[in-house]
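Novice: This is the structure I want to talk about, given as structure tokens.
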Amino acid sequence: MNKTPYANLNPDLIIQAIETAGFQCNGSLLALNSYENRVYQVGIEEGTPLIAKFYRPHRWSDEAILEEHQFALELNRHEMPIVAPMSAPNGQTLHHYQGYRFALFPRWGGHALECDRWEHLEWMGRFIGRLHAIGACRPFQHRATLTPETYGYNAYRFLIENNWIPADIKVDYSRVVESILKKIKDHFEEGALPVIRLHGDMHPGNVLWNDAGPHIVDLDDCLMGPAIQDIWMLLSGNERDARLQLDCLLEGYMEFHDFNIREASFIEDLRLLRRLSYSAWLAKRWDDPAFPPNFPWFNTPQYWQEQLHYFHSSV
């Protein structure tokens, strides 16, 4: 796999790619904050700027990307404010140019979700409830499913087999993480949670808020999973605060979709799986020149000691 997947993605190539999709660029180009993919605001002749997302090579199949697009467009048809890909004049949403795959999106404005405002949380709950009511109608065919194996064991094996864990803590790290993963796996098997189509990465950074309410961006990580996955990342603060926030979210959520309250018992499992998969994600991307300067704290002795301490405290 190319260790510098975006090495050839220069301004000329970006503009040429977008013009092959049927849009005339005016030469204005602004890189936006993104690490997994490359995202740009692009000026369009006699039109408003567009957002171009160039997908990381080899991460998703074309079928998986198109399923992401189809989900966003399906949500739009139900009047859900999801920032969905635009269709080119030829009707396509996924484009190919010189080995890169890209999609174009309308530009949306807004500010970050304020999780300490109860009316915003209840509104978000209604939004997610509507999203899940649509997501439950049919399954994905080409996207991943969130399980202890896909989000936990796979990440753990990658870190161990590729020697990312420092030798002086590797035995302790392995013992603790394997114990946690066994408990999580048992809990998932006992709970037998239903899975539906999800946004998959519903943290406040993926919510744009304006006078019309929330608009959701970045379905790049959409997948099959339990409903609570799209809820727990909006919780913050101490245990009491998080409980109040969850109650507020669910008050709005259950106006549009049923929620089995026992799913709340999986929040800590999902938090642990996300922490583990995040470490593996950074490790897999470490050869990308964009990562070391932007994540300088990763792969230091202190980082791995902190991970070990966190997992110890969760046993």
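Novice: Filtering region 185-200 down to residues that are in a loop (DSSP other than H, G, I, E, B) and exposed (fewer than 15 other Cβ atoms within 10 Å of the Cβ), which residue is farthest from the chain's Cα centre (by Cα)? Let's see the steps before the verdict.
Specialist: Of the residues in region 185-200, the ones in a loop (DSSP other than H, G, I, E, B) are 192-195, 199-200.
Next, only the ones that are exposed (fewer than 15 other Cβ atoms within 10 Å of the Cβ) stay: 192, 194.
Details: Ala192: 23, Pro194: 20 Å.
Going through the qualifying residues, I end up with Ala192.
Novice: Enumerate the pairs (first residue in region 110-121 and closer than 16 Å to Met233 by Cα; second residue anywhere and assigned to a strand (DSSP E or B)) with beta-carbon separation below 6 Å, excluding pairs fewer than 6 apart on the same chain, so at least 6 apart or on different chains.
Specialist: So the pair list comes out as Leu113/Val207; Leu113/Trp209.
Novice: Which of the following residues is surrounded by fewer than 17 Cβ atoms within 10 Å (Cβ to Cβ), in contact with a His (Cβ under 6 Å, 6 or more places away or on another chain) and either not aliphatic (A, V, I, L, M) or not in a loop (DSSP other than H, G, I, E, B) (or both): Glu63, Glu67, Glu79? Spell out how you get there, then give the answer.
Specialist: Details: Glu67 fails: surrounded by fewer than 17 Cβ atoms within 10 Å (Cβ to Cβ); Glu79 fails: in contact with a His (Cβ under 6 Å, 6 or more places away or on another chain).
Testing whether each residue is surrounded by fewer than 17 Cβ atoms within 10 Å (Cβ to Cβ), in contact with a His (Cβ under 6 Å, 6 or more places away or on another chain) and either not aliphatic (A, V, I, L, M) or not in a loop (DSSP other than H, G, I, E, B) (or both) leaves just Glu63.
Novice: Condition first: more than 24 Å from the chain's Cα centre (by Cα) and in contact (Cβ under 8 Å) with a residue 24 or more places away in the chain. Now tell me which residues in region 15-46 satisfy that. Break it down stepwise before answering.
Specialist: Initial filter on region 15-46 (more than 24 Å from the chain's Cα centre (by Cα)): 15-29, 43-46.
Matches in region 15-46: Ile15, Gln16, Ala17, Ile18, Thr20, Ala21, Gly22, Phe23.
Novice: Give the residues of region 154-176 that are part of a helix (DSSP H, G or I) and either under 19 Å from His312 (Cβ atoms) or not assigned by TED's automatic domain parsing to the domain that holds Gln305 (or both), sorted by residue number.
Specialist: Quick first cut of region 154-176, residues part of a helix (DSSP H, G or I) only: 154-161, 170-176.
Scanning region 154-176 gives Ala155, Tyr156, Leu159, Ile160, Lys170, Val171, Asp172, Tyr173, Ser174, Arg175, Val176.
Novice: If you take the residues in region 201-217 that are outside any strand (DSSP E or B) and under 27 Å from Asn260 (Cβ atoms), which one is nearest to the chain's Cα centre (by Cα)? So that I can check it myself, show each step before the final result.
Specialist: From region 201-217, those outside any strand (DSSP E or B) are 201-206, 211-212, 217; that's our starting set.
Now narrow it down to the ones that are under 27 Å from Asn260 (Cβ atoms): 201-204, 206.
Numbers: Asp201: 3, Met202: 7, His203: 8, Pro204: 11, Asn206: 8 Å.
The residue in question is Asp201.
Novice: Follow-up question, since we're still on this one. Give region 70-98 a look and list any residue that's in contact with a strand residue (DSSP E or B) (Cβ under 7 Å, 6 or more places away or on another chain) and of a type outside the set (A, V, I, L, M), or say none.
Specialist: Phe71, Asn76, Pro81, Pro85, Thr93, His95, listed by residue number.
Novice: Further question on the same structure: Conditions: (1) assigned to a helix (DSSP H, G or I); (2) within 23 Å of the chain's Cα centre (by Cα). Lys182 meets all but one. Number of the miss?
Specialist: Here Lys182 meets the rest and fails (2).
Novice: Among the candidates Ile160, Ile184, single out the residue that is modelled with pLDDT of 95 or more and closer than 25 Å to Ile261 by Cβ. Outline the logic, then answer.
Specialist: Values: Ile160 fails: closer than 25 Å to Ile261 by Cβ.
Just a single option satisfies the conditions, and that option is Ile184.
Novice: Right, another one. Tell me, please, whether a residue that is among the small types (Gly, Ala, Ser), modelled with pLDDT under 95 and on the phi > 0 side of the Ramachandran plot can be found in region 102-119.
Specialist: Yes: region 102-119 contains one or more residues that are among the small types (Gly, Ala, Ser), modelled with pLDDT under 95 and on the phi > 0 side of the Ramachandran plot.
Novice: Does Ile196 meet the test of being within 30 Å of Asp218 (Cβ to Cβ), modelled with pLDDT of 95 or more and of a type in the set (Val, Ile, Thr)? Reasoning before the result, please.
Specialist: Working: within 30 Å of Asp218 (Cβ to Cβ): yes; modelled with pLDDT of 95 or more: yes; of a type in the set (Val, Ile, Thr): yes.
Here the answer is yes, as Ile196 does meet what is asked.
Novice: For region 37-57, state whether one or more residues are buried (at least 16 other Cβ atoms within 10 Å of the Cβ), touching a helix residue (DSSP H, G or I) at 6+ places or on another chain (Cβ under 9 Å), closer than 20 Å to Ala144 by Cβ and not assigned by TED's automatic domain parsing to the domain that holds Pro292.
Specialist: The answer is yes; a qualifying residue exists.
Novice: On the basis of being under 21 Å from Ile231 (Cβ atoms) and touching a helix residue (DSSP H, G or I) at 6+ places or on another chain (Cβ under 9 Å), does Arg101 make the cut? So that I can check it myself, show each step before the final result.
Specialist: Numbers: under 21 Å from Ile231 (Cβ atoms): no; touching a helix residue (DSSP H, G or I) at 6+ places or on another chain (Cβ under 9 Å): yes.
Taking the combined requirement at face value, the residue does not satisfy it.
Novice: Test of understanding: among Leu146, Leu66, Leu94, which residue is in the same structural domain as Gln245 (by TED's automatic domain parsing), of a type outside the set (Lys, Arg) and at pLDDT 95 or above? Before you say what the answer is, go through the steps one by one.
Specialist: Numbers: Leu66 fails: in the same structural domain as Gln245 (by TED's automatic domain parsing); Leu94 fails: in the same structural domain as Gln245 (by TED's automatic domain parsing).
Checking each option against the conditions leaves just Leu146.
The values are calculated or read from the model by the stated rules, or taken from the named source; none is laboratory data. Everything numeric here is computed off the predicted structure, so don't read it as measured data. Here the Cβ is made from the backbone with ideal geometry for all residues, glycine too, and neighbour counts use every protein chain on show.
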